[in-house]
Amino acid sequence: MALISSTELFKKALNSDYAIGAFNVNNMEIVQGIADAAKAENAPVIMQVSAGARKYARPAYLLKLVEAALEDTGIDAVLHLDHGADFEICKSCVDDGFTSVMYDGSKHPFEENIRVTKQVVDYAHDHGVVVEAELGKLAGVEDAVHVAEREATFTDPDEAKEFVERTGVDSLAVAIGTSHGAYKFKGTPYLDFERLQKIHELIPNTPLVLHGASSVPQEFVEECNKYGGQVPGAQGVPESMIEEACKHGVCKVNVDTDLRLAMTASIRKVLSEHPEEFDPRKYMGPGRDAITAMVQHKIRDVLHTSGK
Ligand code: G3H
Ligand code: 13P
Ligand code: ZN
């Protein structure tokens with residue numbers, strides 16, 4: 001029933017075939033849905049807060065909601081800052097009591113990324129907090145015209161080694177073909193497993209992180225669209241590819257889009273089938289249940305952390 005560090009969880013996951021699910025939280029129902037799923041599966045879990053989520057919910061709320069969920073369910077969880085853009089937001093989350101922060105300097109030149117990552121690592125480690133950083137860029141389908149252009153943004157294995165050695169960072173997010181959101185691939189999904197294996201070989205003791213790891217299950221896309229939504233052509237990372245990545249050093253798998261799809265599909269369905277309904281609990285409740293079902297599926301069938 002406490003906020004915990006990811007250090008021990010990653011240590012165990014590093015040389016196993018499973019990875020810890022990191023799920024984005026934005027409101028009470030999402031926090032509750034994830035905590036209920038982790039409890040039901042007796043699984044370790046990371047709840048992560050983006051800058052946008054922090055701004056939307058206001059900084060005090062998500063921390064208190066996560067603490068309340070741990071008290072309510074009796075589970076432990078990691079509370080992590082997702083994609084911190086600068087030193088200040090990382091410091092602020094460390095000061096607030098987060099147990100893990102990500103500094104995302106992936107858009108900066110290599111040396112600048114190293115400089116700020118090191119600054120965050122020094123501050124966070126002084127306060128017993130672990131740090132994730134990112135090297136390489138997660139290009140979406142619209143960001144690159146050619147496959148070659150997209151691959152040029154992938155993480156360079158030698159740079160990854162130098163980056164980890166010079167920053168002392170605890171885990172590293174890598175770019176191997178995933179991207180954020182519901183439109184990840186135009187044609188056949190492709191991840192650069194050769195590159196992932198090379199990175200893992202060069203930094204075998206560094207837990208790797210896979211961002212943009214939603215699978216965009218078609219039944220939820222179809223349900224959204226059936227009940228008035230417009231998400232045509234959405235496509236994610238096949239679950240089998242996530243399972244494969246977990247065998248090559250990936251210890252943390254980030255999922256947000258699939259939660260958004262599951263919650264929105266269920267809310268759309270309720271409102272469409274019951275147009276007379278206007279009690280928010282009547283649609284937010286099913287939305288919360290949809291989060292629980294999705295997170296349980298990830299934990300049990302994709303990440304294989306049930307009972308871990
Ligand atoms: O990495 C992106 C996450 O899905 C968070 O998204 O910045 O809209 O909260 P957000
Ligand atoms: P998805 O958009 O694939 O869910 O990725 C979420 C993520 O990487 C959060 O950091
Ligand atoms: Zn991300």
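The values are calculated or read from the model by the stated rules, or taken from the named source; none is laboratory data. Note that the structure is predicted; figures quoted are calculated from it, not measured. For neighbour counting, all protein chains shown are included, and Cβ atoms are generated from backbone atoms with ideal geometry for every residue, glycine included.
Only residues that are within 13 Å of ligand 2 (Cβ to nearest atom), part of a helix (DSSP H, G or I) and polar (S, T, N, Q): list them for the range 239-263, please.
If the condition is that a residue be within 13 Å of ligand 2 (Cβ to nearest atom), part of a helix (DSSP H, G or I) and polar (S, T, N, Q), then 257 is the only one that fits.
Right, residue 188: more than 21 Å from the chain's Cα centre (by Cα), at pLDDT below 95 and β-branched (Val, Ile, Thr) or not?
Taking the combined requirement at face value, the residue satisfies it.
Can you tell me which of 63, 70, 81 is in contact with a Ser or Thr (Cβ under 8 Å, 6 or more places away or on another chain), surrounded by 15 or more Cβ atoms within 10 Å (Cβ to Cβ) and hydrophobic (A, V, I, L, M, F, W, C)?
Just a single option satisfies the conditions, and that option is 81.
Go through the range 222-238 residue by residue and tally those that are under 25 Å from residue 19 (Cα atoms) and not in a loop (DSSP other than H, G, I, E, B).
Total meeting the criteria: 1.
Name the single residue, out of those in the range 148-175 being free of Cβ contacts under 8 Å to residues at least 24 places away in the same chain and not charged (D, E, K, R), that is surrounded by the most Cβ atoms within 10 Å (Cβ to Cβ).
Of everything passing the filter in the range 148-175, 153 is surrounded by the most Cβ atoms within 10 Å (Cβ to Cβ).
Just give me the residues in the range 106-119 being under 20 Å from the mean Cα position of the chain (by Cα) and either more than 16 Å from ligand 2 (Cβ to nearest atom) or surrounded by 24 or more Cβ atoms within 10 Å (Cβ to Cβ) (or both), in sequence order.
The answer is 117, and nothing else.
Across the range 213-232, which residue is farthest from ligand 3 (Cβ to nearest atom) among those that are of a type outside the set (Ser, Thr, Tyr) and touching a strand residue (DSSP E or B) at 6+ places or on another chain (Cβ under 7 Å)?
Only one residue fits best here, namely 216.
Can you tell me which of 62, 79 is within 16 Å of ligand 2 (Cβ to nearest atom), under 21 Å from residue 121 (Cα atoms), at pLDDT 95 or above and in contact with a helix residue (DSSP H, G or I) (Cβ under 9 Å, 6 or more places away or on another chain)?
After applying the criteria, what remains is 79.
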